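Peer 1: Okay, handing you the structure first.
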Amino acid sequence: MLRIAIVGCGKIADQHVHAIRRIPDCSIAAVCDQEPLMARQLAERFKIPGVFSNAQEMLTVVSPDVVHITTPPRSHFPLAKHCLESGSHVYLEKPFTVTGEEAESLTELAERKNVKITAGHNLQFTLEMLEMRRLVNEGFLGGKPIHLESYFSYDLGDRSYAGTFLGNQQHWVRQLPGQLLHNIISHGVARLAEFLDAEVTEVIAIADQSTQLRSFGGNDVLDELRVLIRDKSGATAFFCFSTQVKGLNQLRIYGPAGSITADITTGTVVRNPNRSYKSYLTYFIPPLNNAREHFQNASRNVANFARRRLYQDFGMKELIERFYNSIRVAGPLPIPYREIILTARIMDEIFAQVYGSRGQRSEVRGQRADAVRDSRIADYAPASPSELLASDR
C-alpha cells in the first residue's frame, strides 16, 4: 500500500485526489498547505487524516512514499528537492520547474537518491494519445517522424478571471520568466519533446498580445505564441499557443508513409496514409476513408464511455497509476527524464527570445532570432496561413 501526501491544496489538488482514489493499493495519508484553512478544507472534503501547514513536519511525521506537489511553479524546485532528499518519490505538477537547469538538477538528485520523479504532463496519457503512440510504435508512419505540429488553446474567460493576475504585478504568474505562457504551454511542448532528439539545434519563437488581452489592460503579458523547432536529426516541429482560437488541442505527426492527428478535445485519432489514387478517385476515396476514421472514433468513444474509461481526468489517473507502478516494480518511468529536461530547455529558449531577462526581450537574442527567422521561416511554416491559426489548473 503506497502512502500518498499532497502539498498544495488549491483547485488542482481536488483532481489529484479523485485520480488517486481510482487507483488500487494506495491511500492519501496527508495534505499540506501554507494556508492551514486550505489544508483543513481539502482534508474535510475527502476525509484525509493528516493535515499540515509545514512540509518538513509532514515528511517527518507521515514519511509518505509519494508526494504530489501542486503548488505555484516557483516553489516546485525547493519542495521537490526536499522531498527527494527525504526519500519520497515525487509527482510534480506542470510546469515541472522554472528552468531547465532546475529540471536537470532534480532528475539527477532522484537518481542519486534511488527515488523517482515525474512531471504532471497528464495530457500525454489520454486515450487518444495512447492510441497515437501505439500506432507510431507499430510503424504506421513508416519511419521516424519528419515533422510535428502541436496546437494548444486556452480560454482566458472574461475580464474578472484574467484580472486576477493582470491587475497585480506581484501575482505569482507575473513573476515567472514566461509569465502566462510559462504556466500553460508545457503540455503542448512536452508532446513535441517525446518525438524530438534530445539535442535541439534551432528554436525560433515569436509572441504577441491578443486584442482581447489588450482590452483587459494586460500591458506586457503575451498570450499568442508561435514556435519553430529543428532537432539534430533534421526533424522539424511547429508549436502554436493561442487564447483566441478556441477549443484547439491537437498533435499532428508526419512520417514517410503517413500522418496521424490526435485531437484531445474530441478524443479522436485520425490516420492518413500517404497513398496516391488514379484520376478522379483522389476526390472520392480519401474523404470516404476519413469518414470511416471518424465513425470508428465515435464507436470507440461510445464503447469507452460504456466501460467507464471515458472521463475528464483519465489522462491524470493513467499517468499517476503508471508512475506508481514504476515505483512498485522498479519499472521504467512513464515520462523519461530526457523528455522532461528537453521540455524545460525548449521553454527556457522560448522565454529568453520572447521576454529576455526580467520581462524585457533580450536584444541580442531578439536580433539573432529575427535574422534566423527571415532566412528560415519558409522551411518551417505550415502549408497555409489558416493552419498557422488552425484544462489546466
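Peer 1: Hey, could you get me the Stokes-Einstein D for region 233-357, Kirkwood radius over alpha-carbon pairs, 37 °C and 0.692 mPa s, rounded to whole µm² s⁻¹?
Peer 2: Value of D from the Cα-based Kirkwood radius: 177 µm²/s.
Peer 1: Over region 19-110, with a single point scatterer placed on each C-alpha, what log10 of the ratio I(q)/I(0) does the Debye formula yield at q = 0.10, 0.20, 0.23 1/Å?
Peer 2: Debye curve over Cα of region 19-110, log10 I(q)/I(0) at q = 0.10, 0.20, 0.23 Å⁻¹: -0.26, -1.02, -1.26.
Peer 1: To continue, here is another question. Net charge near Val90: determine it from the other residues with C-beta under 12 Å of the C-beta of Val90, scoring Lys and Arg +1 and Asp and Glu -1.
Peer 2: 0
Peer 1: Using a simple charge model, +1 on the beta-carbon of Lys and Arg, -1 on the beta-carbon of Asp and Glu, nothing else, what dipole does region 96-169 show about its Cα centre, in debye to the nearest 20?
Peer 2: 200 debye
Peer 1: Let me ask something additional. For the ranges 224-230, 205-211, 234-240, what's the packing order if you count other beta-carbon atoms within 10 Å of each residue, average per peptide, and put the highest first?
Peer 2: Those peptides, ordered most packed to least, come out 224-230, 234-240, 205-211.
Peer 1: Further question on the same structure: For Ile264, Ile20, write out the residues from largest to smallest accessible area, computed with a 1.4 angstrom probe and no ligands counted.
Peer 2: Accessible-area ranking of Ile264, Ile20, largest first: Ile264, Ile20.
Peer 1: With a 10 Å radius around each residue's Cβ, average the other Cβ atoms per peptide and rank 267-273, 248-254, 170-176, 341-347, highest first.
Peer 2: The densest-packed peptide leads the list: 341-347, 248-254, 267-273, 170-176.
Peer 1: Of the cross-linked pairs Lys116/Lys317; Lys94/Lys116; Lys144/Lys246; Lys144/Lys278, which ones have a Cα-Cα span greater than 24 Å in the structure shown?
Peer 2: The pairs that break the limit, which is 24 Å between Cα atoms, are Lys144/Lys246; Lys144/Lys278.
Peer 1: If you don't mind, another one. Could you rank Lys246, Lys11 by how accessible they are, 1.4 Å probe, largest area first?
Peer 2: These residues rank, largest area first, as Lys11, Lys246.
Peer 1: Sticking with this one: How large is the direction-averaged shadow of the alpha-carbon convex hull of region 95-235, in nm²?
Peer 2: That works out to 10.9 nm², a quarter of the Cα hull's surface.
The values are calculated or read from the model by the stated rules, or taken from the named source; none is laboratory data. Small disclaimer: the values here were computed from a predicted structure and weren't measured. When we count neighbours, we look across all protein chains shown, and the Cβ atoms used for this are built from the backbone with ideal geometry, even at glycine. We work out accessible area using only protein heavy atoms, side chains counted, and drop any ligands, DNA or RNA first. Shrake-Rupley method; radii C 1.70, N 1.55, O 1.52, S 1.80 Å.
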